[in-house]
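The values are calculated or read from the model by the stated rules, or taken from the named source; none is laboratory data. A quick note: this is a predicted structure, and the numbers were derived from the prediction, not measured. Cβ sites come from the backbone with ideal geometry, for glycine too, and all protein chains shown count toward neighbours. What goes into the accessible areas is simple: the full protein's heavy atoms, side chains included, and nothing from ligands, DNA or RNA. Shrake-Rupley method; radii C 1.70, N 1.55, O 1.52, S 1.80 Å.
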Amino acid sequence: MPTSLPVLTPAMPACRDCALGSGCSHPGIPTRRFGSGPKKERAIFFVGEAPGRKEDEEGVCFVGSSGAILEKLYIHDALDFDALADVYIGNAVRCRPEDNETPVDKHVRACGQFLTRDLRALADVYKEVHVVCCGATAVKAVLGLASLKEGLKQQGCGWPPPPKVSRAQKQVDGLFAAKKPRRKKGDASAPSC
């Protein structure tokens, strides 16, 4: 088991690698550990897109609406991450884009060094590091892709990817089909679907 927590890239208030930092209250919001508890052998790293308004106001990632969703999953829906792994949360881009727009590639590239450092720091301390990308921007940043389409093509997948229906989804669809009211011919009282 790791004896100490990784040293992650700190806040970068003086960062001017792109123009986003100049328009933020708290530029360079760092990755942070979510939750508490004893150190585990593995880590889960949730990577989001970029800070929102609330995160920029407080200088902490995942405290706005996305943080509320993560907290709901983490605390209220009994996904006991503390029992499984140490949880870290951060963003592909560390400064809030103007009007919460999707970060452009130059912003993702400018912050890529910090994401890479944090991933390396986690890999140096934990036996396993599982990365959960929350959105297309996070996927592109973690995998170093110009686009998701490019990434799928590199993996030999077509675009758009063919839909895959799991066995569980087929079972759920079957339940809904079985519960759908059947309309008899000429029966005006039965609902139509």
- Query: Going by the conditions given, is Cys95 at pLDDT 85 or above and under 18 Å from His26 (Cα atoms)?
  - Reply: yes
Quick count over the range 1-55, residues being basic (Lys, Arg), in a strand (DSSP E or B) and open to solvent by less than 70 Å² (accessible area, probe 1.4 Å), is 2
When Glu49 is run through (1) modelled with pLDDT of 90 or more; (2) in contact with a Lys or Arg (Cβ under 7 Å, 6 or more places away or on another chain), the failure sits at (2)
Counting only residues in the range 97-150 that are within 22 Å of Glu41 (Cβ to Cβ) and among the basic types (Lys, Arg), the one surrounded by the fewest Cβ atoms within 10 Å (Cβ to Cβ) is identified as Lys127
